[in-house]
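Each remark here refers to the structure printed beneath this line.
The values are calculated or read from the model by the stated rules, or taken from the named source; none is laboratory data. Values in this document were obtained by computation on a predicted structure and should not be read as measured data. Here the Cβ positions follow ideal geometry from the backbone for every residue, glycine too, while neighbour counts run over all protein chains shown.
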Amino acid sequence: MERDYSGPTGDDVDPDTDLSYADPFADEDDEDGAYLSPDNDHPPEYYIQQLETFNEEEYVKEDYKKSSTRLLNYMEDQWNQYSASSLGTYWKVFRLVYERATGARLDGKISRSMHKVLRKLTKKHGLKKIGRDKACMYVEDLAQVLQTNLVTTEKRYPHGRYRIQAQLYLQLGGFTANRPQALLSLCYRHIKVTLLRDPEGGPHRVLLEFTFEFTKEFLGVKDLNTFPLPEIMYDETLLFSPHVFLLGLLFYDRAFAAYNLTSPEELSRLTIPQGRNELPLHLNHILDDVPVFRKATRTVHGWDISPHEPLPYSTLLPWVRTLGEVTGFAQVTRPYSLRYAGGKAFNENGKSCDLVYARSVVHDVVLTYCVGNVSEAMQNLMMGHASISTFLKHYLSRRITVDTQAVVRGIQPQTAFMRAACTMSRSIDLRRPRRLTQEQSASVDEDPSVRFLLDRRDRLKRKVPNATKHPEYKTLVLKISQERQRRRHALLKAVKERWEFEQPVRDVERQLAGLDAIDDSEPIHNIMLPAQEELANSILSKPGTTIEEETDRRNGAIRAVTLYCGIEEGGMYPVQKAGRSRNIALSTKSQLRYGEGALEAAKVSVYKEERPKICFLCLGNERLPLAQRIHSFSTPGDLTKHFGRKHLKNIKSSEGLSCNLCKVFLADKKHLQQHAEKVHGTASPRSSYDCC
């Protein structure tokens, strides 16, 4: 998992939020009724005791959301450990901590004076005065990332639904500019699906309405915002279609209340009765509290999607960062990049401009971005801000996107060129280093901080018998791992910064010397899974020329999404360099014949008398990619380790066990271990993995 050592950045902390108004007379009638009721009379001593035991702190403290409370607690820990607060965001959070601890706000004069102290500390310690760039993921950049997520084999997810959820999150994040947690908290009760009549006489279209309940809260619950997203017929690309991906999820989860609405073909048969303008397609109330974005959990057979656990932000963040790196962006992509870009799009006013995409992205699709007239009040409503000052101070990028030269000279502005100059896509370069080499990764052990910890561990190992089980030894191992990760993170950052300067210089020198450019990007030759290839082809298909062709195009894409929600990808594969993949030169039919033969040979091998090297549980899991099903370990001992770590360790007490190859039910873990050894020759590891 990717680690972030930057600490709190304040991305999800807005200092300017609106307050919910509480009506003091809302329950006046109920209070009067209770006062007049003889059943509620108490002696004077009762009220005296209530007054003496009254805890005023419970009613004067602020009602913060859990995420804000965690940040306040973190700030308290920082103060207790180091007797000082950090600059910038830490000072703002410290004021809230002070108020929570004392029940009183800091004096305004102290707050103003503190700004002078912050400037003095910044100068004294040579701190950077430039804040982190609020990089915007514009629609051009979003299309690049969406396509990368769709077709890349370098980024593997444990489960196919993860890839679909990532696609839907990026779409909704770009179109609604909502906070990440508001999107991740979206449940089925927050979604309304309607078949709506076209007022201009076109075919009926699906309208999706999203109500975001879990927006940022302060002193109560905010009013709910509902975003309607109409279906776009004859769209140039389905990359931007949340309808295709959400409907695919809904059909996979059998989420519609109508029991026989289970496929896109049945949806296409629906019509709106005469005299009405809509046909609501209600979702099943049983799924009201089920999150749309859910996490994957390990099972005895592999990975499965949790029926009720939401996808955590800590899982989403590395996805978005990795997709940006694989796409080739120089900037770090974050979920908040979508919110920055969406807020900027809402804020801007102007006229339409055609942007032509790169050929490798969406096949010369022409995107027309029409900046509409969004009022300031509507922008505040959509962004969840009390005033426009919040957007200007905390969201608006410091990068000027206006052709100031044209404005001053009174000439036609180069709108498309200026737009291209401000996107992430301008920095795309697949040669950009994304990971350390093995030599670079190993070199961090020579860092003094790591070497000091390694020496301590070695001394402890020599001094204490059976030291590996000693608590101090385990603590040292953890510290070594963390310090290595920090050093590798810093080294990779330095490598990237050096490359950003040196590589363009080398390119210029080679061009002026008349030499051909060298493409030293790392080629990836992993072949897409058949289901992923079908998904990509259906999403990237061209629009139909008739309504029937367009409907078939949409239905085919929805079916591909539904199918992909049920497969396992198996997680990240090692990067394969050019020439190492044996299947590259094979045709599709040859690959299928090779796969069928390899599968049958693998099934025979797990029933032999000698110990096998292929896992019978993975082999029987039809949701796994073929390469992982028939993977042969180096030794039977390696298979034993795999059997314990991947399968025995993840057995849950309520989980039904079975062998898909033998078609037999297994009562418990011990029964599974006996079956594995007696029938398939797979021994269990010595460690018990008692987890059930």
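Given the criteria at pLDDT 95 or above, in the same structural domain as residue 144 (by TED's automatic domain parsing) and not small (Gly, Ala, Ser), does residue 219 qualify?
Taking the combined requirement at face value, the residue does not satisfy it.
From the list 260, 178, the lone residue that is within 19 Å of residue 168 (Cα to Cα), assigned to a loop (DSSP other than H, G, I, E, B) and assigned by TED's automatic domain parsing to the domain that holds residue 339 is 178. Restricted to strands (runs of 3 or more DSSP E) entirely inside the stretch 274-359, those with at least 1 residues that are within 25 Å of residue 178 (Cα to Cα), at pLDDT below 95 and among the small types (Gly, Ala, Ser) are 294-298, 303-310. Entry remark, the stretch 542-571: residues being more than 21 Å from residue 302 (Cβ to Cβ) and of a type in the set (Asp, Glu) number 4 in total. Candidates are the residues of the stretch 303-319 that are touching a Pro at 6+ places or on another chain (Cβ under 8 Å) and touching a residue at least 40 places away in the same chain (Cβ under 8 Å); the one that is surrounded by the fewest Cβ atoms within 10 Å (Cβ to Cβ) is 313. Where helices (runs of 4 or more DSSP H) fall wholly inside the stretch 57-131, the ranges with 2 or more residues that are modelled with pLDDT under 60 are 57-60, 66-82. Determine whether residue 623 is modelled with pLDDT under 80 and crowded, with 17+ Cβ neighbours inside 10 Å. Against the criterion (modelled with pLDDT under 80 and crowded, with 17+ Cβ neighbours inside 10 Å), residue 623 qualifies.
Per this entry, residue 468 is not counted among residues that are polar (S, T, N, Q), part of a helix (DSSP H, G or I) and within 34 Å of the chain's Cα centre (by Cα).
Matching residues to (1) in contact (Cβ under 8 Å) with a residue 12 or more places away in the chain; (2) aromatic (Phe, Trp, Tyr); (3) out of contact with any helix residue (DSSP H, G or I) (no Cβ under 9 Å at 6 or more places or on another chain); (4) within 26 Å of residue 137 (Cβ to Cβ):
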residue	(1), (2), (3), (4)
432	yes, no, no, yes
439	no, no, yes, no
451	no, no, no, no
454	yes, no, no, no
470	no, no, no, no
479	yes, no, no, no
496	yes, no, yes, yes
511	no, no, yes, no
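Residue under question is residue 107, and the condition is that it be without any contact (Cβ under 8 Å) to a residue 24 or more places away in the chain, surrounded by fewer than 20 Cβ atoms within 10 Å (Cβ to Cβ) and among the acidic types (Asp, Glu); does it hold? So residue 107 fits the description; yes.
For (1) among the charged types (D, E, K, R); (2) loosely packed, with under 12 Cβ neighbours inside 10 Å, each residue gets a yes or a no:
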residue	(1), (2)
426	yes, no
445	yes, no
448	no, yes
451	yes, no
456	yes, no
463	yes, yes
470	no, no
